[in-house]
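Trainee: The structure is given below, and queries will be raised subsequently.
Laboratory data are not the source of any read-out in this text; all were calculated from the coordinates shown. What you are looking at is a predicted structure, and each value in this text was computed from that prediction instead of being measured. Methodologically, a virtual Cβ is constructed for each residue, glycine included, from the backbone with ideal geometry; neighbour enumeration extends over all protein chains shown.
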Amino acid sequence: MIPKPASRHLGLDLGGTNLKWAVVERSADSWTSLATDQEPTRVVADHEAVPAAIVAQLAEIAVTAVAAWGPVVSVGIGVPGLYHPATGRTRFLVNIPGPWAGHPVAGPVADAVGVPAFLVNDARAFGLAELRLGAGRGAMSMVGLALGTGIGGVFAIDGRVHQGHDGTAGEIGHQTIDPDGPWCGCGNRGCLEAFARADQIAIACGTATAEEAVRAAEGGDQRARAGLAEIGRYLGIGIANMITIISPDRVVLGGGVAAAGELLFAPIRAEIARRVRTTSSNDVALVQAELGIWAGAIGAALHGAERAAS
Ligand SMILES: [Zn+2]
């Protein structure tokens, strides 16, 4: 069989603070990240004009990145929210102002660089990147959580990230943990995210931010350690549910708080051991994500490549 020639793919990661990009190269079945960079997101004062300004910025970044690292055969764009896979238009974005319902995003970027462009949810992009190039490498089935302002979720089965019919599959953070629990931003109450998102970590640890909570716990602060143990218990319940349902061989935790390592992982493991009764939780590796802040852009590039090839 003649090996396929190497191909390059651009990924864009739309965030409320920064727009990141990555160019990845596919050679046979291996992927390499060639270049990454970022710039501040152009959030203009007039919120009505934000979507057009940001899409123009995405197209400009794409043109610049392709000029330096192209040619590319596809573009993937990670978005923090909901979208229409078939039309490449957004439905609703979290933490970015403006009228995003029905706004064209993939189309204008595809036109700017002359290759197909596809949208993907940013958490699914994170998971796909970790599955192919990061901490999920070699796993057949994987569960991923991105801990941050919210809790992004993703799962892969038989080596593929499960998207559902509209790209929303894997919202692990929005499973109900407590039927009478606190309200969640999604409109449900008692979601895992309502207990374990960044601001709740800070509250549980008695610190101003989640990052500060990790530093305090590492420095031996007892309240911060107890807070992380409490948060770890909730995360462990959510992850145990996922293990019971899909029996993954790897669970990948990303986001800044995952840097707490065993201070967070130990209570998660204890809760998993307590609750998973149908499969051996000893065979599930709980690991930290490896790709850091670039996972979203790299995963978007991988998604574009996979969609363009299908
Ligand atoms: Zn929710």
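Trainee: Within the range 1-31, which residues are of a type in the set (D, E, K, R) and surrounded by 15 or more Cβ atoms within 10 Å (Cβ to Cβ)?
Mentor: ARG8, ASP13, LYS20, GLU25, ARG26
Trainee: Same structure, new question: Give the range 10-31 a look and list any residue that's over 17 Å from ARG132 (Cβ atoms) and in a loop (DSSP other than H, G, I, E, B), or say none.
Mentor: Passing the criteria: GLY15, GLY16, THR17.
Trainee: When both residues are 6+ apart or on different chains and their Cβ atoms are under 7 Å apart, which pairs have a first residue that lies in the range 231-260 and is among the aromatic types (Phe, Trp, Tyr), and a second that is crowded, with 24+ Cβ neighbours inside 10 Å?
Mentor: Within 7 Å, the pairs are TYR234/LEU192; TYR234/PHE195; TYR234/ALA196.
Trainee: If we only count helices (runs of 4 or more DSSP H) wholly inside the range 147-238, which ones have 2 or more residues that are within 16 Å of the ligand (Cβ to nearest atom) and small (Gly, Ala, Ser)?
Mentor: 192-196
Trainee: Among the residues of the range 103-112, is any within 16 Å of the ligand (Cβ to nearest atom) and in contact with a helix residue (DSSP H, G or I) (Cβ under 7 Å, 6 or more places away or on another chain)?
Mentor: Checking the range 103-112: not a single residue is within 16 Å of the ligand (Cβ to nearest atom) and in contact with a helix residue (DSSP H, G or I) (Cβ under 7 Å, 6 or more places away or on another chain).
Trainee: Which residue out of THR168, THR176 is hydroxyl-bearing (Ser, Thr, Tyr), out of contact with any helix residue (DSSP H, G or I) (no Cβ under 6 Å at 6 or more places or on another chain) and within 16 Å of ILE237 (Cα to Cα)?
Mentor: Only one candidate qualifies: THR176.
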